[in-house]
Amino acid sequence: MRPAASPVLSVVVPAYNAEGYLARALDTLVGWGPDVEVVVVDDGSTDGTAALAHTYVDRYPGEVRLLRKPNGGHGSAINTGLDHARGAYLKVVDADDWLDRDALARVLDTLRGFLADERPVDLLVSNFVYEKVGKRTKTAVRYRGALPTGQVVPWSGTRGFGKRQYLMMHALIYRTAVLREAGLRLPEHTFYVDSLYALVPLAHVSTLYYLDVDLYRYFIGRADQSVQEAVMLRRIDQQLRVNRLMLEHVSRVRVTDRRLRAYRLHYVEIICTVSSILLIRAGTPESLAERDRLWSELRRQDFWLYRKVRWTVLGHLSNLPGPAGRRVSVLAYRVAQRAIGFS
């Protein structure tokens with residue numbers, strides 16, 4: 001049971017040079033009283049991020065905290081927030097994203113219910129919405145069909161996840177103790193670590209609850225954003241590092257529940273596909289050799305995992321031979337992007 005004075009939810013906000021948009025995020029996170037603590041982690045910003053965050057610390061004493069640290073990257077900022085979080089549950093909200101306040105009110109009511117009933121629900125899943133620049137129609141990623149709505153279930157109570165329905169960081173609210181029990185430490189100075197955040201703790205998650213609300217607003221479309229394809233191509237080494245760490249984790253940390261096992265394979269299949277298609281898009285002999293190396297390493301290190309990931313529709317798509325095959329791979333990937341969620 002949590003101490004009476006501790007928050008229900010800690011919201012960690014990693015912020016690097018986020019002066020231009022941090023206020024939009026914070027405005028959706030403040031004003032909830034002692035049940036929500038907002039932990040802004042200024043990751044060595046060189047603009048007015050810290051000064052802006054200080055104005056919220058002053059306006060919302062006891063609700064907003066500011067932690068300042070040398071630049072270590074997104075994962076380092078999340079690690080720091082986790083180290084200092086006091087809430088029973090924890091959510092990460094990137095500084096350029098925001099939450100829907102009506103949905104957050106329902107989330108808080110649900111979490112309070114867990115704590116009042118002393119039910120150790122390990123993971124609350126909610127929906128997220130792509131807020132894409134210049135696009136009026138918003139795409140929401142929901143988990144209907146894969147997860148029963150409004151029920152506490154073990155992994156065995158889940159069903160098959162569709163290609164779009166992988167549990168990105170934006171959908172997740174972990175029990176803070178689960179993250180700590182999992183020993184979660186994300187790599188520093190590395191982009192795309194949110195994939196590890198969404199995978200590594202799952203082996204310690206016994207119970208899930210799906211709340212069908214569109215909580216997280218995922219802002220996408222800035223030219224310098226890490227998920228823009230041109231930026232991902234420049235940082236392909238970091239994408240591959242995360243990809244290999246994910247495969248190593250799945251290989252090393254075995255799980256007995258077949259539904260959880262199937263979901264983890266589903267997730268790494270998608271990430272391997274993204275890495276492979278990016279390497280094909282790069283189009284150099286070195287990048288094509290790197291794609292082949294990724295798959296051959298997996299085959300050598302864990303043949304069972306290789307078979308499970310390679311001999312799937314997406315695995316085949318990632319490995320069509322020859323220039324014509326690579327063109328088909330990229331074309332098919334473009335068509336599939338909306339279904340996969342990388343659009």
Check: Cα centroid distance between segment 161-177 and segment 266-307, in Å?
Finding: 23 Å
Check: For segment 54-143, what does the alpha-carbon gyration tensor say about shape, rounded, prolate or oblate, given a ≥ b ≥ c as the root eigenvalues, a/c under 1.5 as rounded, and a/b over b/c as prolate?
Finding: oblate
Notebook entry, point to check: Applying 1/(1 + (r/R0)^6) with R0 = 41 Å to the Cβ-Cβ distance of V255 and V57, what FRET efficiency is obtained, to the nearest 0.05?
Noted result: 0.50
Next item on the list: Considering only DSSP beta bridges where both residues belong to the chain, give the percentage that are antiparallel (nearest 5).
Entry: 30 percent
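Give the whole-number value, in cubic angstrom per residue, of the convex hull volume spanned by the C-alpha atoms of segment 67-207. Spell out each step's value before the answer.
Values: hull volume 19.3 nm³, N = 141.
So the per-residue hull volume is 137 Å³.
Report the local net charge at Y306: Lys and Arg +1, Asp and Glu -1, summed over other residues whose C-beta lies under 10 Å from its C-beta. Walk me through the numbers on the way to the answer.
Details: positive: R299, R300, R307, K308, R310; negative: E297, D302.
Taking every other residue near Y306 into account, the sum is +3.
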Item checked: Fraction of accessible area attributable to carbon and sulfur, the chain (%, probe 1.4 Å) -> 52 percent
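Solvent-accessible area per residue for the chain at a 1.4 Å probe radius, Å²? Mind showing how you got there, number by number?
Values: 14400 Å² over 343 residues.
That works out to 42 Å² per residue.
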Check: Can you give the helix-only mean residue ellipticity at 222 nm for the chain, where every DSSP H stretch with n ≥ 4 adds -39500 (n - 2.57) and the sum goes over all residues, rounded to the nearest 500 deg cm²/dmol?
Finding: -13500 deg cm²/dmol
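Using only the C-alpha atoms of segment 60-112, find the volume of their convex hull and express it per residue in Å³. Walk me through the numbers on the way to the answer.
Values: hull volume 5.9 nm³, N = 53.
Each residue corresponds to 111 Å³ of Cα convex hull volume.
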Item checked: Surrounding net charge for S156, when Lys and Arg each add one and Asp and Glu each subtract one, Cβ distance under 15 Å -> +3
Next item on the list: Specify the angular offset, from 0 to 90 degrees and rounded to the nearest 10, of the alpha carbon long axis of helix 258-282 from the longest principal axis of the alpha carbons in the chain.
Entry: 70 degrees
Notebook entry, point to check: How far is it, in nm, from the label point at E188 to the one at V231 when both lie 7 Å from their Cα along the line to the Cβ?
Noted result: 2.2 nm
Notebook entry, point to check: At what distance in nm do the modelled label points of T149 and E248 sit from each other, each positioned 7 Å from its Cα along Cα→Cβ?
Noted result: 4.1 nm
Check: Taking R0 as 30 Å, what's the FRET efficiency between K132 and D102 from their Cβ-Cβ distance, rounded to 0.05?
Finding: 0.90
Item checked: Degrees between helix 322-340 axis and first principal axis of the chain (Cα, 0 to 90, nearest 10) -> 30 degrees
Item checked: Acute angle (nearest 10 degrees) that the helix 49-59 long axis makes with the longest principal axis of the chain, alpha-carbon atoms -> 30 degrees
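Counting only other residues whose beta carbon sits under 13 Å from that of V242, what net charge do I get with K and R as +1, D and E as -1? Could the numbers behind the result be given before it?
Values: positive: R235, R241, R244; negative: E188, D194, D237, E248.
Around V242, the charge tally is -1.
Using 22 Å as the Cα-Cα cut-off, could you pick out the over-long pairs in K91/K163; K132/K308; K163/K308? Write out the running numbers ahead of the final one.
Working: K91/K163 24 Å; K132/K308 33 Å; K163/K308 16 Å.
As for pairs spanning more than 22 Å Cα to Cα, those are K91/K163; K132/K308.
The values are calculated or read from the model by the stated rules, or taken from the named source; none is laboratory data. Keep in mind the model is a prediction, meaning the values are calculated, not measured. Because the Cβ atoms are built from the backbone with ideal geometry, glycine has one as well, and the counts that use them run over all protein chains shown. These accessible areas exclude ligands, DNA and RNA; they are computed on the full protein's heavy atoms, side chains included. Shrake-Rupley method; radii C 1.70, N 1.55, O 1.52, S 1.80 Å.
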